[in-house]
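Everything on this sheet refers to the single structure shown next.
The numbers here are math on the coordinates, done by the rules we state, and not lab data. Keep in mind that what you see is a predicted model, and the values were worked out from it rather than measured. Cβ atoms come from the backbone with ideal geometry, glycine included; neighbour counts cover every protein chain shown.
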Amino acid sequence: MRSQYCGELDSSFIDQTVTICGWVHRRRDHGGVIFLDVRDREGVMQVVFDPDAADSFEIADRVRSEYVIQVTGRVRARPEGTVNSNMRTGEVELLGKEIQVLNKAATPPFPLDEYSGVGEDVRLKYRYMDLRRPEMQQKLILRSKITSSIRRSLEDQGFIDIETPILNRATPEGARDYLVPSRTHPGSFFSLPQSPQLFKQLLMVSGFDRYYQIAKCFRDEDLRADRQPEFTQIDLETSFMDEEGIMAITETMIRDIFKEVLNVEFDDFERMPFSEAMERFGSDKPDLRIPLELVTVGDLMTEVEFKVFSGPAKDPKGRVAALKVPGGNSLTRKQIDDYTKYVSIFGAKGLAYIKVNDKTDLEEGLQSPIVKFLPTDVRQSLLERLDAQDGDLIFFGADKASVVNDALGALRCKIGEDMNLYTKEWAPLWVVDFPMFEDNGDVRLTALHHPFTMPSCSIEELKANPAAALSKAYDMVLNGMELGGGSIRIHQEEMQNAVFDVLKIDKEEQEEKFGFLLSALRYGAPPHGGLAFGLDRLVMLMTGSDSIREVIAFPKTQTAACVMTHAPGQVEPEQLKELNIRVRKPQSDA
């Protein structure tokens, strides 16, 4: 029906007769001449209809926005002074000779050239209209280019694309699993995968030493801007390779994607231990574009009378840290109050500060409600440790270490954004040397990642001091966002048993949760490891979007619902009966 896409036409087509198809993006009537901007996925083409072609002119006069039309005409150069350098097709226009209305359209629910005044719920309800906007189409086209680049890069490095099951066995710990009832096995359920983790390890046992998959995964959890109930993972696993080898492969993949799709070349990927990331940035996914850092000052506060500081300073699980903001004296009291309210989201009970007006005057040169509680020698030591200069502002966090890290880590990023402190556009790094276990205040330790992650230490060292054990795990971070994470896996039964002992997982629980994998590991499992990337997050970063909903064709809302199809919905009683399911509706609060 068409010879070219609208966006393909340029000066090389002048004097050629072409046929285009698309939607009427805009209609204008200037001095008896009708202009139609016709849009398809590749761009917009200006079509001109003169009254001389009476039949076509009459049809063009009747079309409205979003009508679907077919136009045949001659490409010609735009008149002098009318060239639009912002458009790929801006040097030419199409002199329309024939036009056919392929379908009429109702008035759109919102303008497709902008949607600033339209709520997201309306955009999602009419998602098929929202996706017509050039901005949205370019994001999804870019997503397609990214996945194509991923496949090329991994297959060039010897990876094989293998699909793993969607219908899996529900496990006792799968509290966030989506469950699927089985009609043929009454009372039994499948679960949708949160990750292909166990199956990709089985593929390593099977001899497929380089596996990858762009996998659909599911997780029934509370949502945020970067979370969806169904999401896409770039999943890979390798055999006979250590963590440095796996990181090198995935670095190559990310470099290939950014070079091919955005023409961006990355600097070296920094390696940073988990402990250093938490100490300096309060986060295991630090945004290295921001030069601000947290500085521990608890040792200076142990003897001060200000118990807000001295209490956490003496607590083994506490932390007192400072965040220096160069030039931060320009912040108003209202801005400081707003930051105080912001850190309360992360559990902070307040936000102490000192404005450095004159660092040589330790009595009058420091402006703060807390200065009077700090001896002169402590003030001097603070300024020296932070290398504070006149005009700087120092924020303090004092609480449990986890609260201080969360609050000041988030404040650091917030201030960096508000004051535009970014020193570069892209800042990739690897966070490594994660703790093997974490203490959640329960009677037993829990695995920070999963119980199949390989410890960095020996079995004897693991048993002697499990809380101090590190793991062979690694996360790739870009601009303060975790792109992906992985680890070397345990492949020997003795180490696996030692980890299970630390986690207090007995034989019965092992068999119930992981029996088939443990059985496979006994049949000559090779050393192996892998990594999984969040494709939606990657595309969100590369398109500069604020939410992954902007880069998914048909996303769910923050309540995990689809307002377009009204999913989830109720089903007929006959279907429930066939599945042997009885629905118990929650009682009303009344």
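Considering the options Leu131, Ser182, Phe13, tell which one lies farthest towards the positive end of the dipole of the chain, charges being +1 on Lys and Arg and -1 on Asp and Glu at the Cβ, about the Cα centre.
Ser182
Report the FRET efficiency, 1/(1 + (r/R0)^6), for Val118 and Thr559, where r is their Cβ-Cβ distance and R0 is 22 Å, rounded to 0.05. Please report the intermediate quantities before stating the final value.
Details: r = 19 Å, r/R0 = 0.87.
Working from the Cβ atoms, E equals 0.70.
What residues qualify as long-range amide H neighbours of Ser471, i.e. H under 5 Å apart, gap of 5 or more or another chain, H built at 1.01 Å from N?
Phe434, Met436, Ser456
How much length would be gained if the chain were fully extended between Lys585 and Arg385, taking 0.36 nm per residue of separation minus their Cα-Cα distance, in nm to one decimal?
So the extension gain works out to 66.0 nm.
Considering every pair of different Cα atoms, what Kirkwood radius, in Å, is found for segment 290-423? List each step's numbers first, then the result.
Details: mean 1/r = 0.0679 Å⁻¹.
It works out to 14.7 Å.
Give me the one-decimal nm value for the distance between modelled label points at Asp50 and Lys577, 7 Å along each residue's Cα-to-Cβ direction.
About 7.3 nm, to one decimal.
Just add up the charged neighbours of Ile415: K/R +1, D/E -1, any other residue whose Cβ is under 13 Å from the Cβ of Ile415.
-2
Using modelled backbone amide H atoms (1.01 Å from N, in-plane), which distant-in-sequence or interchain residues come within less than 5 Å of Ala427's amide H?
Under 5 Å from the amide H of Ala427: Asn479.
Using θ = phi - 60° and the Karplus relation 6.51 cos²θ - 1.76 cosθ + 1.60, list the HN-Hα couplings for segment 239-248 in order, rounded to whole Hz, with x at every Gly or Pro.
So the J values, rounded to whole Hz, are 10, 6, 8, 8, 5, 5, x, 5, 5, 5.
Report the net charge of residues surrounding Asp15, where surrounding means a beta-carbon distance below 9 angstrom and charges are Lys +1, Arg +1, Asp -1, Glu -1. Let's see the in-between values first.
Details: positive: Arg74, Arg76; negative: none.
Computed value for this residue: +2.
Label points 7 Å out from Cα along the Cβ direction at Thr19 and His566: separation in nm?
It works out to 4.1 nm between the two label points.
Go through segment 446-460 residue by residue and turn each phi into a ³J(HN,Hα) via Karplus (6.51, -1.76, 1.60, θ = phi - 60°); whole Hz please, and just put x for glycine and proline.
Along segment 446-460, the couplings run 10, 6, 5, 9, 8, x, 9, 6, 6, x, 7, 9, 7, 4, 5 Hz.
Pop out the ³J(HN,Hα) list for segment 96-104 in order, Karplus 6.51 cos²θ - 1.76 cosθ + 1.60 with θ = phi - 60°, rounded to Hz; leave Gly and Pro as x.
Going residue by residue, I get x, 10, 10, 9, 10, 7, 7, 6, 7 Hz, with x marking Gly and Pro.
Using alpha-carbon positions, what is the distance between the centroids of segment 135-192 and segment 518-583, in Å?
Answer, in whole Å: 8.
For Val33 and Val83, what is the calculated FRET efficiency with R₀ set at 22 Å and r taken between the beta-carbons, to the nearest 0.05? It would help to have the intermediate numbers written out before the result.
On the way: r = 17 Å, r/R0 = 0.79.
Step by step, r from the Cβ atoms, then E = 0.80.
Given +1 on the Cβ of Lys and Arg, -1 on the Cβ of Asp and Glu, and no further charges, what dipole in debye does the chain carry about its Cα centre, rounded to the nearest 20?
On the way: 72 positive and 95 negative charges, 342 e Å.
My answer is approximately 1640 debye.
Sequence-distant or interchain residues sharing an amide H contact under 5 Å with Lys97, placed H: which?
Under 5 Å from the amide H of Lys97 lie the amide H atoms of Thr72, Gly73, Arg74, each far enough along the sequence or on another chain.
For the pair Lys504 and Ser11, how long in nm is the line joining their label points, each one 7 Å along Cα→Cβ?
7.7 nm
As a test of the definition: which semi-axes, in Å, follow for segment 452-533 when you take the square root of five times each eigenvalue of its alpha carbon gyration tensor? Largest first, please.
They are 24, 17, 12 Å, listed largest first.
Stretched out fully, how many nm does the piece from Gln137 to Ser344 gain, at 0.36 nm a residue minus the Cα gap?
Taking 0.36 nm per residue and subtracting the Cα distance, the gain is 70.6 nm.
Which of Thr340, Thr559, Thr184 has the fewest other C-beta atoms within 10 Å, and how do the rest follow up to the most?
On the way: Thr340 17, Thr559 9, Thr184 5.
With the sparsest Cβ surroundings first, the list reads Thr184, Thr559, Thr340.
Taking K and R as +1 and D and E as -1, what net charge do the other residues with C-beta under 11 Å from the C-beta of Glu363 add up to? Please report the intermediate quantities before stating the final value.
Values: positive: Lys372, Arg379; negative: Asp358, Asp361, Glu364.
Charge balance near Glu363 sits at -1.
Treat every Asp and Glu Cβ in segment 447-517 as -1 and every Lys and Arg Cβ as +1, leave all other atoms uncharged, and give the resulting dipole magnitude about the Cα centre to the nearest 20 debye. Present the calculation step by step, with values, prior to reporting the outcome.
On the way: 6 positive and 12 negative charges, 46 e Å.
The calculation lands at about 220 debye.
Within 10 Å of each candidate Cβ there may be at most 15 other Cβ atoms; applying that plus a DSSP loop requirement, which trypsin sites (Lys or Arg not before Pro) in segment 168-268 survive?
On the way: sites: Arg169, Arg176, Arg183, Lys200, Arg210, Lys216, Arg219, Arg224, Arg227, Arg255, Lys259; in loops: Arg176, Arg183, Arg219, Arg224, Arg227.
Filter output for segment 168-268: Arg176, Arg183, Arg224.
Which label marks the calculated value of P(r) over Cα pairs in 10 Å bins from 0, in percent, given the options (i) 3, 15, 24, 24, 18, 10, 4, 1, 0; (ii) 3, 16, 27, 27, 18, 7, 1, 0, 0; (iii) 3, 13, 19, 20, 19, 14, 8, 4, 1, 0?
It is the one labelled (iii).
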